[in-house]
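The values are calculated or read from the model by the stated rules, or taken from the named source; none is laboratory data. The structure displayed is predicted, hence computed values, not measured ones. Positions of Cβ are generated from backbone atoms using ideal geometry, with glycine treated the same way; all protein chains shown enter the neighbour counts.
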Amino acid sequence: MDKSSTKIPILLLFSVFLVATCGLIYELIAGTLASYLMGDSISQFSIIIGLYLFSMGIGSFCSKYFDENLLDWFIQIELLVGLVGGITSSVLFVIFNSVDSFQWILYGLISLTGIFVGLEIPLLMQILNKNNFEFKDIISKVFTFDYVGALLASILFPLVFVPKMGLIRTSFFFGILNTLVALLVLYNYSAQLKYRLTLWFQAIFVFVLLTLGFIFSDNILSWAEATTYDEKIIFAKSSPYQRIILTRQGSNIKLFLNRNLQFSSFDEYRYHEALVHPLMTFTKKPEKVLILGGGDGMAVRELLKYENIKAITLIDLDADMTNLFKRNEMLTKLNQNALNNPKVKILNQDAFLWIKQNKTLFDAIIIDFPDPNNFALGKLYSNTFYRELTHTLALDGLMVVQSTSPFMAPKSYWCVNKTLQSVGFKTLPYHVFVPSFGDWGYVLATKSDFTKTQNFPENLRFMNEPAFEQSKVFPKDMAQQETEVNKLNNQILVQYFEEEWAKVM
Amino acid sequence: MGKSDVSNISRKEFLELSGIALLGSTLGLQTLTSCESARTIHGQIVGANHAIGHLLRKAISLPIHQSHQTKILIIGSGISGLTAGYFLQKAGITDYEILELESHIGGNSTFSEDEAVRYPWAAHYLPIPSPENKELISFLAENKIITGFDLNNLPIYDEYALCFHPDERLFVKGFWQEGLIPNIDITEEEKTQIGQFLAKMNVFKAAKGNDQKWAFTIPLANSSSDANFTHLDKISMKTWMEQNAFVVKPLQWYVNYCLLDDYGTSIAETSAWAGIHYFASRKGKAANAKDDDVLTWSEGNGFLMKLLAKNQLKNIKTQCLAYQIEEKNGGVSVDVYDWEAEKRENYFAEQVIWAVPQMLRPYLIPKQKTEFIKEFSYSPWMVANIQTIPFDTGRGQALSWDNVIYEGNGLGYVLSNQQELRQDQKTWQLTYYKPLVDTNPVDERKKAIIKTHEEWKNEVLNDLKKAHPKIEESILKIDIKLWGHAMIRPTIGFIHGAARHEAQKSLYNKIHFAHSDLSGVSIFEEAFYHGNVAAKKIINHYANSYLDTFS
C-alpha cells in the first residue's frame, strides 16, 4: 500500500461496509432461525443478540494476538466468516430433527460467526494503522461504513431478503458476498501476501461451495413451499413416502403431511383423547393394542395412560416420521416421549400388506390413517381391508377408525360407517369438535358388543363421560345418510370425499 | 417318416419342415435376436432367440435318440393344452405328456417377473364369466378366485382379483376422461348414436335364436345357429354399422378400438357377427361385482395359467419342437426335436391333443388334406413392457388399469401395478399393446422382424408422448416382444364358414384339436373350452373302451 497516501483506499472501506452488512445479517438470520425452530421469539432473539455481541467481543479481544501477515489473516478470517455464516442456516435446518442438543449447536455456530466477525474490523483497523493512516480518520471512516452497512442490512433483511430469498438462500448469498470481499482483497494486494496460493485455493473452494449451496438450496426448502404455509416452517423433509412439514407460530406447532394438517399442538389433545379413550372404556382386556398410522406418537401417549396395556404395536409406513417423533426434543415433549417407551414396538411397514400376513390377535386397534383423498389411501378404508382386520382383532376386541369430518363430508363419514357394518361389525359413530380441524368423526367397531368396562381416566383434558355422551349425538346437518359400501373395485369413498371437500375448498 | 428313415428326407419334405420356421413358432418370430439399445432407455426385444429353421435342419440329420410311450400326448402348453391336461387329471388320467416348444409354458398367458414386479406379455384379464359357463366357474371356485356363492347362487369373487378402481380412462383433447367410450366434447348426434348403438348391443345380448340358444354367448360354440344372426358373419362390422346408421366418428373409433383389442382386426375386416359378439356375448353376473367387471392380476392371465399348470408341471416338457405326426400301428407317432439337448426323439401315443394353431397342420400332418387351413389367418402383435418411476399422469381421471389414447397409434397401456395394495409404488410397469394392422398380416410380420429395438422404442414413445409429453424422463426400461401369430382373426365368413367346422373334426379318432383358433376368437374362455372338449373326447374314448370290455 502506498504509505504516503493519506486517503484510505476505497476498496478497504467498501470491504468494511460489506463486512458490517454481512455481520449483522448473520445475527438476524440466527435470531430468526432460532425463533422459527424453537419458538419463543423474544427470549431467542435476546439470547442470540447477546451471545453474538459477546462473541464479537471475544473476537476483538483476540485481535491483539495478530501481529504478522495481517492482510493474510484478514482474508483468512473473511473466508471463514463467509463459510460459517453462509452455511449456518442450512446446517441448522438439516440437523434440526436428527440431533438431541440442537440449541447448543445453534449457539456454537452463532458464537463462531460472532468471533470471526469480531475479528474483522479490529484487524482491518490494524492494517490501516500499520499503513500510517491517520487514526482519527480510520476511526471515523471505518465506523461510518460499519454503521451504514448495519442500517442497510437491518432494513433490507425483513423487507427484501426474507420475503424474496428465504432464510437459507439469504444465508448463502451473504456468505458469497463475504467471499467476494476476500477475493477482491486477494486480487488487489496479491503481491503483499505471504500465503497467496493457499488463500486463493481456499477462496475458490469456499466460493464454489457457497454458490452450489445457493443454487441447490431449493432442495432443502423450496421457497415456493415456504410461502404456502401461514406459519414459519421449522422442518421440511421429503421422505420416500411423503413431504413432512413442521411449522411453528408462537408455541403452536403444526404437522403437515403432503400439505394436509395432521395436528396442531394447540388442540391435538382433543383429537387424540377422542380417538383413544372411548375405545378403551369398552375394551374388555386391553393388553395388546395395535395402532395403524399415527406415527406422531400422540395416540401412543394417550394409551400409555393405561397401566394394564402390556404391548403397543405401531405400524407406520414412514420411518422418517417415527424417527422424527422419537428423536426431536421439541416433538418428544409433545408426545411425552411415547415412542421410546419399552412397551412400544414400531414397525415401518405397509399397513395393508402387514395386516394381510399378520397372525397375532390384538385386543384393540386404532386406525389413524390420513383422509381418503386418493386411491392408494382409499384401499385402507375398503371393505376388503376391514375384513382382513377381523383376523387381527380378538373376538371380543374393538377398533376405532378416524373417519374424516361428518360435517364437511357427511357422505364420506357415513360411508366408512356403512363399510364397517358391511363386513359384520357393530358400529358406534361419534364426533367431537377439534378447532384446527372442525367437527371430526370417528367410528367404533366391534364384532362383540359395546359394554362399558372402565371409566375415562381422571387426568384427561377433554374427554369424560358427559362429553362422550354428547359426542354420540349427530345433529340434523350431519345425520346418517345412505351410502354405498367402499370397495377396492369402486373406491366410492374417494369419490364422495373429493366431491364433498371440493364444495368447501 | 418313420423311426428308421433318418437321412432319407426329400428336398420337398425339408422345405415343408422349414416352412414351420418361416411361419415362426406358435408364439413369436423366433429369428429375432436380442439387442440392447445404446441410448439412455435400455431394454431389448425379448423372446426365444433360437432360429427354428436352423434347429430343424440339425434335427433331421440326427438319428432318433430315444423313443417314448405315453397314453396321451398334448402338443402345446398354452391355455388349451394346459386345460386339456387339467381335465384329464380330474378324470384320473395321469399318463400323459405335454410338449412345449418354448423354454417356458403358457402361450399367450406368458408373463415376466422382475424383482418384485410381475407383468404380462399378452393376455391380461378375464371378464367375470356367465354363471352358465359351469366348468370355468368351478375352476375359479376350486382356486378360490370365487370364494363362495350368495343366496341367489351368484358367485362371490375374490376382491383382490376384481380389477381395482379406477379401471379405464381415455385421453381426449388433452384430458383423461373416465371410461373408454368418448364422452368429452361430443355433439348431440354423436351422443345419440353411441347411446343407440349400446342399446342395440343390449338387445343382442338378451336375444335368443329359434333354437332357444343365446344369439351370442361364450363359449361361442353354444351360440344359436339361427340364420337371422349367423348371416351377420357375411358382412363386415363396418358395413353393418353403416347399414344401421352408426356412422359418427367417436363411435366408429370406439368399436374399432374394441375389435383391435380383442381380435387384432379392424372394424373393416372383422365380421359383423364377431363384432357384435364382442359386445353381446358377456353375460357375467356376480354377487360383489358389476356385470362388466374383469378379473386381473399383475401377471395377467399368467396367474390363471399357473393355476392350471400347478399339478401337472411334471407332465410338461419344454424346448421340444414336434415336427411330424403320423397315424401308425393303431396309435400316433410324433417326431420331436429337443433343441436344448439337441436330440431327436419319438413319442408313441394312443391319443394326441393338438393344442397349437391350425396353421401348423400342413407341416406337421402333411398326409392330410388341409385346403381349409388357408382360411385361418392370425394377427401379429407388438407388446412393450415399460418400467417407469412414477410420473405426472395428466389432467382428469387418475392413472387407471387401462389407459387409452383416443386415435392413438397403439391400444394404450395397462398398469400391472393396479392390483397392488401397498401405498408406495416405487416403479410402475406399463404394458403397451399394438396389433400390427397397417397392411396385411404377412407383410406386417416381415416388417416387424427387421425393426430394431430403437425403432420400436421410438414408435412406442411417440405414441405415449401424446398423453405424457415428458414420460421419457421417467422410463427405466422398455422391453419389446413380437408375436407373429398372436390371435386368430374373425374375418368375414370365418366363424360361420366351413373351415372352422372342418378343423374341429378329430383325425383317426386319435388326434383331437384344441385351440382358441377353433372358435375364431382368441380369448381365455375359448381356449379353456376347447381344452376341455378335447379332454372329454379322450375321457369318453377310454370310458367307452372300458365298457366295451364288459359287452
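Could you please let me know if A:PHE474 is under 19 Å from A:CYS415 (Cβ atoms), out of contact with any Ser or Thr (no Cβ under 9 Å at 6 or more places or on another chain), at pLDDT 95 or above and of a type in the set (Phe, Trp, Tyr)? For A:PHE474, the condition - under 19 Å from A:CYS415 (Cβ atoms), out of contact with any Ser or Thr (no Cβ under 9 Å at 6 or more places or on another chain), at pLDDT 95 or above and of a type in the set (Phe, Trp, Tyr) - is met. When B:ASN346, B:ASN329 are checked against the criterion of being polar (S, T, N, Q), away from chain A (no Cβ under 14 Å), surrounded by fewer than 20 Cβ atoms within 10 Å (Cβ to Cβ) and touching a residue at least 24 places away in the same chain (Cβ under 8 Å), B:ASN346 stands alone in meeting it. Listed by first and then second residue, the pairs linking a residue in region B:135-148 that is part of a helix (DSSP H, G or I) to a residue that is at pLDDT below 95 and not charged (D, E, K, R), with Cβ atoms under 7 Å apart and 6 or more places separating them unless they lie on different chains, are B:ILE137/B:PRO131.
If you go through region A:454-477 and keep only what is in contact (Cβ under 8 Å) with a residue 40 or more places away in the chain and either surrounded by 14 or more Cβ atoms within 10 Å (Cβ to Cβ) or within 10 Å of A:PRO278 (Cα to Cα) (or both), you end up with A:GLN454, A:ASN455, A:PHE456, A:PRO457, A:LEU460, A:PHE462, A:MET463, A:PHE468, A:SER471, A:PHE474. Checking each residue in region B:518-551 for being among the small types (Gly, Ala, Ser) and surrounded by fewer than 16 Cβ atoms within 10 Å (Cβ to Cβ) picks out B:ALA543, B:SER545, B:SER551. Scanning region A:445-461 for residues that are part of a loop (DSSP other than H, G, I, E, B) and β-branched (Val, Ile, Thr) gives A:THR451, A:THR453. Confirm whether B:ALA268 is aliphatic (A, V, I, L, M) and surrounded by fewer than 17 Cβ atoms within 10 Å (Cβ to Cβ). In short, yes.
Of the candidates A:VAL84, A:VAL117, the single residue that is surrounded by 17 or more Cβ atoms within 10 Å (Cβ to Cβ), at pLDDT 90 or above and either at negative phi or not in a helix (DSSP H, G or I) (or both) is A:VAL84.
This table checks each residue for (1) exposed (fewer than 15 other Cβ atoms within 10 Å of the Cβ); (2) under 30 Å from A:ASN373 (Cβ atoms).
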position	(1), (2)
B:ASN143	no, no
B:ASP150	yes, no
B:ASN153	yes, no
B:ALA161	no, yes
B:PRO166	no, yes
B:PHE171	no, yes
B:ILE181	no, yes
B:ALA199	yes, no
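All of A:LEU51, A:LEU106 fail the test of being surrounded by fewer than 22 Cβ atoms within 10 Å (Cβ to Cβ), within 20 Å of A:SER171 (Cα to Cα) and aliphatic (A, V, I, L, M), apart from A:LEU51. Of the residues making up region B:316-331, those that are part of a strand (DSSP E or B) and not acidic (Asp, Glu) are B:ILE316, B:LYS317, B:CYS320, B:LEU321, B:ALA322, B:TYR323, B:GLN324, B:ILE325, B:LYS328, B:GLY331.
Do we have any residue at all in region B:287-302 that's without any contact (Cβ under 8 Å) to a residue 60 or more places away in the chain and in a helix (DSSP H, G or I)? No, because not a single residue in region B:287-302 is without any contact (Cβ under 8 Å) to a residue 60 or more places away in the chain and in a helix (DSSP H, G or I).
Taken over region A:377-408, the criterion of being among the charged types (D, E, K, R) and within 14 Å of another protein chain (Cβ to nearest Cβ) is satisfied by A:LYS379, A:ARG387, A:GLU388. Considering only region A:422-444, I want to know if a residue exists there that is in contact (Cβ under 8 Å) with a residue 12 or more places away in the chain, within 14 Å of chain B (Cβ to nearest Cβ) and not in a loop (DSSP other than H, G, I, E, B). Looking for residues that are in contact (Cβ under 8 Å) with a residue 12 or more places away in the chain, within 14 Å of chain B (Cβ to nearest Cβ) and not in a loop (DSSP other than H, G, I, E, B), one finds at least one in region A:422-444, hence yes. Scanning region B:137-167 for residues that are more than 9 Å from chain A (Cβ to nearest Cβ) and of a type in the set (A, V, I, L, M, F, W, C) yields B:ILE137, B:PHE139, B:LEU140, B:ALA141, B:ILE145, B:ILE146, B:PHE149, B:LEU151, B:LEU154, B:ILE156, B:ALA161. Within region A:485-496, is even one residue buried (at least 18 other Cβ atoms within 10 Å of the Cβ), within 35 Å of the chain's Cα centre (by Cα) and more than 14 Å from every other protein chain (Cβ to nearest Cβ)? No. Identification of strands (runs of 3 or more DSSP E) wholly contained in region B:356-463 with 2 or more residues that are under 21 Å from B:ILE478 (Cβ atoms) and β-branched (Val, Ile, Thr) yields B:378-388, B:402-405.
Might you check whether a residue that is on the phi > 0 side of the Ramachandran plot and either surrounded by 16 or more Cβ atoms within 10 Å (Cβ to Cβ) or within 14 Å of chain A (Cβ to nearest Cβ) (or both) occurs anywhere in region B:116-134? No, every residue in region B:116-134 fails to be on the phi > 0 side of the Ramachandran plot and either surrounded by 16 or more Cβ atoms within 10 Å (Cβ to Cβ) or within 14 Å of chain A (Cβ to nearest Cβ) (or both). Checking each residue in region B:385-444 for being surrounded by fewer than 16 Cβ atoms within 10 Å (Cβ to Cβ), away from every other protein chain (no Cβ under 14 Å) and β-branched (Val, Ile, Thr) picks out B:THR439, B:VAL442. Residue count for region B:465-517 under the criterion of being small (Gly, Ala, Ser) and surrounded by fewer than 22 Cβ atoms within 10 Å (Cβ to Cβ): the result is 7.
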